[in-house]
Amino acid sequence: MKLSVSLRAAAVATVAAAGLFTTGAMVSNASPAPAQAEAPDISVADVKADLDQLQSIAEQNGGNRAHGSAGYKASIDYIKGKLDEAGFKTSLQEFDSGGQTGYNLIADWPGGDEGQTVMAGAHLDSVGEGPGINDNGTGSAGVLQTALAVAKSDFKPTKHLRFAWWGAEELGLVGSSHYVDQLSQDDRSKISGYLNFDMIGSPNPGYFVYDDDPEIQKVFTDYFSGLNVKTEDETEGDGRSDHAAFLEAGIKVGGLFTGASNEMTEQQAQDWGGKAGEPFDKCYHSSCDTTENINEQALDRNSDAIAHAIWKLAS
Ligand code: TRP
Ligand code: CA
Ligand code: ZN
């Protein structure tokens, strides 16, 4: 012990004498940085800037971004433009619902093993009653900013990454069901997991994590434990959003949700610092679901959690 310490001291002294010793070099030599292990922090300001754009798209198109409307198509064009600029391979998948053309937007990040594809998605349509900012501008913008963060980073995922924005969710999960239906059994087997984000910035937020797959769930619950934020299992969701078709096709799913029209309990209000007896989202499916109808802290935490899960599950 004593010998090795003095030998090391001698070696350092020699290096220092040779003029090669700098703190920076010493640190990076001692522990080479695992360049891509950690997800970046997603800027909530960038997520909110996307919500501002979706809000003005609604305002310019009769107040909503519903399936079949000009507001929906403008929303798709906005997201697609950003992805194309960042180097994604994008495609629009058309389908018919109620006699009107709907669109899914699929964006692949080149590289990774396509036999193991990690997907994340959000529905981009609103109901006809309003601009759909919490439901589901938030999930759409959180997934978009995560995709753009992948493009900006030096992350070289082992698995292939695919992001999706679904149409006509509000008419009965139409776009996502269409996507899964048209996949061959072989295509389906290549999807190692699908992560869904539908309402992640509710104004009186709960922190719900889909309980469908234990491994995916743990990636999210570990993240929130690290922030000292309690989570609860999202159990009602099986048939309520775009992960349903994936789940039915035997694909592993996970996701996050901050609550819709249900009321927050006394216990939940204590856990999360919210308002007991009030809905998680008092503007759910109504005209007041605007950029005012957002809890910024929930939106920030959940957006960061999306990036964390993508980095973790695709590494
Ligand atoms: N999918 C619903 C909508 O878009 C929202 C919703 C209600 C939900 N309950 C859920 C989403 C549970 C995920 C999980 O209007
Ligand atoms: Ca953040
Ligand atoms: Zn929704």
- Item | Ordering of 137-150, 209-222 by packing [mean C-beta count within 10 Å, highest first] | 137-150, 209-222
- Query: Summing +1 for each Lys or Arg and -1 for each Asp or Glu, what net charge is found among the other residues whose Cβ lies under 14 Å from the Cβ of residue 68?
  - Reply: -3
- Query: Around residue 40, with a cut-off of 12 angstrom between Cβ atoms, what is the net charge of the other residues, counting Lys and Arg +1 and Asp and Glu -1?
  - Reply: -4
- Item | Extended-chain gain in nm, criterion 0.36 nm per residue less alpha-carbon gap, residue 113 and residue 151 | 12.0 nm
- Message: Please give me the summed charge of the neighbours of residue 147: other residues whose Cβ is under 15 Å from its Cβ, Lys and Arg +1, Asp and Glu -1.
- Response: 0
- Item | In sequence order, calculated HN-Hα J values of region 125-141 (Karplus, 6.51, -1.76, 1.60; Hz; x Gly/Pro) | 7, 9, 6, x, 6, x, x, x, 7, 5, 10, 9, x, 4, x, 4, 6
- Message: If each residue of separation counts as 0.36 nm, what is the full-extension length gain between residue 229 and residue 184 once their alpha-carbon separation is subtracted?
- Response: 12.2 nm
- Counting helices only, and only those DSSP H runs with n ≥ 4, report the 222 nm mean residue ellipticity of the chain as the sum of -39,500 (n - 2.57) divided by its residues, in deg cm²/dmol to the nearest 500. -13000 deg cm²/dmol
- Item | Out-of-range pairs (alpha-carbon distance over 22 Å; input 190/312; 48/190; 48/312; 80/282; 252/282; 73/156) | 48/190; 48/312; 80/282; 252/282; 73/156
- the chain - convex hull of alpha carbons, volume per residue in Å³: 167
- DSSP beta bridges in the chain [antiparallel fraction, %, rounded to 5]: 45
- Note on the structure: Taking Cα atoms, the helix 214-226 axis meets the longest principal axis of the chain at an angle in degrees (rounded to 10) of 70
- In nm, what is the difference between 0.36 nm times the number of residues separating residue 248 and residue 291 and their Cα-Cα distance? 12.1 nm
- Query: When the Cα centres of region 95-142 and region 208-279 are compared, how far apart do they sit, in Å?
  - Reply: 19
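All of the numbers you see were taken from the coordinates with simple rules; none came from a lab. What you see is a predicted model; the values in this text were computed from it and never measured. No Cβ is skipped: glycine too gets one built from the backbone with ideal geometry, and neighbour counts run over all protein chains shown.
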